[in-house]
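Just so you know, all these numbers are worked out from the coordinates, no wet-lab data involved. Everything numeric here is computed off the predicted structure, so don't read it as measured data. All Cβ positions, glycine included, derive from the backbone under ideal geometry; neighbour counts span all protein chains shown.
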């Protein structure tokens, strides 16, 4: 099996030019998406602040900012955050268009499903933290308020808008990337770096590592840590199964194609 002649004659400079073109298209779409999202920054803010607003029910509850430019910079970050979400399919497709010409047909069939699964798993992780983890964590932290103490002064939460939104955006990205575990491990299995046997033997160490990652990424309460660690352990077991399925012996036709020998 051979690649087309024009692909074989591409020089390093031509590859770099093509890479630059793909990066420029991706950057342009990200900038356009970010500029468009800035006009909806107030709606994005309302969506991200909704879990906290639901916990802090009552009058005169608010987020504050202490610097003149803090609110403006925060809205820019929200626009970039939403623009990144909108631009991701385009960035992924540009990456695929750059890599695909150098792959054999059977290799394209292997990598294309991972390209589709990546945004799906990322959105799953983002939805998981937004709808399940964050409400529980915010309720835990809000429980330390003491608005009517018997002695002393009341304790009331007045969070800074930049700190709150930075935290929630960090959590969404962290959970989204953690949910990429099946894609990463399955790809490593496909290229022969790891095996299902190795993953099974290292399970106990991976569980410890998962809990360490969960402790670092989540707010400092046990429930939130378990709400990330348990799905990650489930995703790890799914990864073991996927790697094992990829280790099955290929059919005779696939072997012949890889060895450039016509199948009988």
Query raised in the report: How long is the chain along each principal axis, judged by its Cα atoms, biggest number first, in Å?
Result: 87, 45, 23
Query raised in the report: Taking only the alpha-carbon positions of the range 31-110 and ignoring solvent, what does the Debye formula give for the base-10 log of I(q)/I(0) at q = 0.22 Å⁻¹?
Result: -1.02
Query - Dimensionless Rg over Rh [the range 132-198; C-alpha; Kirkwood] - result: 1.31
Report summary line: Put in order of increasing Cβ neighbours within 10 Å, starting from the fewest, 122, 179, 72 give 72, 122, 179
Query - the chain: angle of helix 203-217 to the longest principal axis, Cα-based, in degrees nearest 10 - result: 40
Query - Per-residue Cβ neighbour rank within 10 angstrom, fewest leading, 129, 120 - result: 120, 129
Query raised in the report: Using r as the Cβ-Cβ distance of residue 15 and residue 71, and R0 as 51 Å, what FRET efficiency do you calculate, to the nearest 0.05?
Result: 0.70
Query raised in the report: How big is the gap, in Å, between the Cα center of the range 91-142 and the Cα center of the range 22-65?
Result: 21
Query raised in the report: Against the longest principal axis of the chain, how steep is helix 105-128, in degrees 0 to 90 to the nearest 10, with axes from Cα atoms?
Result: 10
